[in-house]
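> Pasting in a structure now, in structure tokens, and then I'll have a few things to ask.
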Amino acid sequence: MLDREELVVIDDPTEARDGDEVAGLKLVIQIPCFNEEATLPETLADLPREVPGFEVVEWLVIDDGSEDRTSEVAREHGVDHVVRVPENRGLANAFLTGLDTALRAGADVIVNTDADNQYDGSCIPKLVAPIVEGEADLVIGERPIEAVDDFSPLKKRLQRLGSGVVRAFSGTEVRDAASGFRAFSRETALRTQVFGKYSYTMETIVQAGWEGMRIRGVDISVNPATRPSRLVKSIPRYIWRSGQTIVRSFMLYKPFRFFFGVGLLPFLVSVALVARWFYLQIFTDDLASRVPSLVGAAVAMLLAVQIWIFGLLADLLSANRRLVSDTRVMIRRREIDEAAGRSRRDR
């Protein structure tokens with residue numbers, strides 16, 4: 001994650017609201033941006049300033065090292081918090097920077113949306129409702145994939161396949177794992193971690209499922225495309241990077257199950273070779289043809305056992321990582337609560 005000392009907050013109009021009393025729940029809508037001066041005004045115009053269940057609704061723009069006027073456009077359109085990252089560090093880092101900034105601003109619920117105005121801002125009340133009602137910790141806006149004309153047939157199939165794999169790995173019922181339109185409770189945002197740099201969408205679902213968070217999906221609508229996707233520059237590259245994200249997440253959060261599945265292949269090969277040896281032992285007299293089966297079976301079994309030992313070690317490390325993560329959350333909660341308290345007192 002980006003060090004807080006490297007962040008430059010270039011505009012925060014909330015600090016100038018002397019004498020305002022802020023009570024009730026606060027919603028912060030965050031928008032990670034990179035060179036979005038052309039699309040950001042339309043995106044902001046689509047966002048609500050009032051949402052049922054919240055007394056305060058604020059906007060946050062994370063300018064991830066843009067080379068255009070993204071930050072200036074955000075200020076000109078009344079964004080409450082603008083954070084500039086000195087250089088482009090990727091969507092995942094901008095997303096985490098936004099969560100940290102929103103929590104320090106006293107957010108009770110955080111909505112993440114894209115700067116290209118893909119997601120319909122009028123769906124935000126529906127998105128946050130399960131959290132306000134205490135029914136969910138993380139809510140994901142599920143797009144009508146089949147009805148989106150901007151998605152090619154191949155991309156639609158890949159979306160279904162990717163979401164199915166994430167459901168299997170995470171033990172959740174998410175139908176649109178790639179959707180960046182999602183709402184986080186304060187506690188969920190505190191616990192959220194992303195280790196990859198490419199994206200945060202799939203990894204955060206696997207983490208949420210692993211930690212037993214309540215995940216809900218709600219149907220949303222989308223707007224016509226304003227520009228080509230920057231994450232999906234080519235289908236092969238998208239498949240490769242998404243696959244890496246899913247595999248890495250599975251290894252991080254369910255290591256024993258992952259390594260057990262990997263080790264199962266050489267184990268089955270070993271069993272098959274042993275069965276071949278028995279067949280040759282019973283039905284043939286050719287001793288030479290039996291030796292390769294035994295040697296191959298021994299090598300395959302040894303490989304399977306080694307992989308399973310790696311799985312056990314990784315599982316032990318995972319338990320330790322959970323303890324470290326819980327400690328990190330406790331420290332981070334204290335720091336953020338202090339920052340949020342100062343933010344409230346300053347207004």
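> Test of understanding: what is the full-extension gain from residue 305 to residue 256, defined as 0.36 nm times their sequence separation minus their Cα-Cα distance?
Working: separation 49, 0.36 × 49 = 17.64 nm, distance 1.27 nm.
Length difference between fully extended and current span is 16.4 nm.
> Might you tell me the accessible area per residue for segment 33-122, computed with a 1.4 Å probe and given in Å²? Intermediate values should be presented prior to the final figure.
On the way: 2930 Å² over 90 residues.
With all protein chains present, segment 33-122 gives 33 Å² per residue.
> Which net charge results when you count Lys and Arg as +1 and Asp and Glu as -1 among the other residues whose beta-carbon is under 9 Å from that of residue 176? Each step should come with its number before you reach the end.
Working: positive: 143, 175; negative: 142.
Net charge around residue 176: +1.
> Using a 1.4 Å probe and ignoring any ligands, DNA or RNA, find the accessible area of residue 39 and quote it in Å² to the nearest 10.
Roll a 1.4 Å probe over it and residue 39 shows about 10 Å².
> Using a basic spin-label model with each label point 7 Å from the Cα along Cα→Cβ, how many nm lie between residue 160 and residue 42?
Once both label points are built, they end up 2.9 nm from each other.
The values are calculated or read from the model by the stated rules, or taken from the named source; none is laboratory data. Quantities reported herein were computed from a predicted structural model and do not represent experimental measurements. As a convention, Cβ positions derive from the backbone with ideal geometry for all residues, glycine included, and neighbour counts pool all protein chains shown. Side chains included, ligands, DNA and RNA excluded: accessible areas come from the protein's heavy atoms. Shrake-Rupley method; radii C 1.70, N 1.55, O 1.52, S 1.80 Å.
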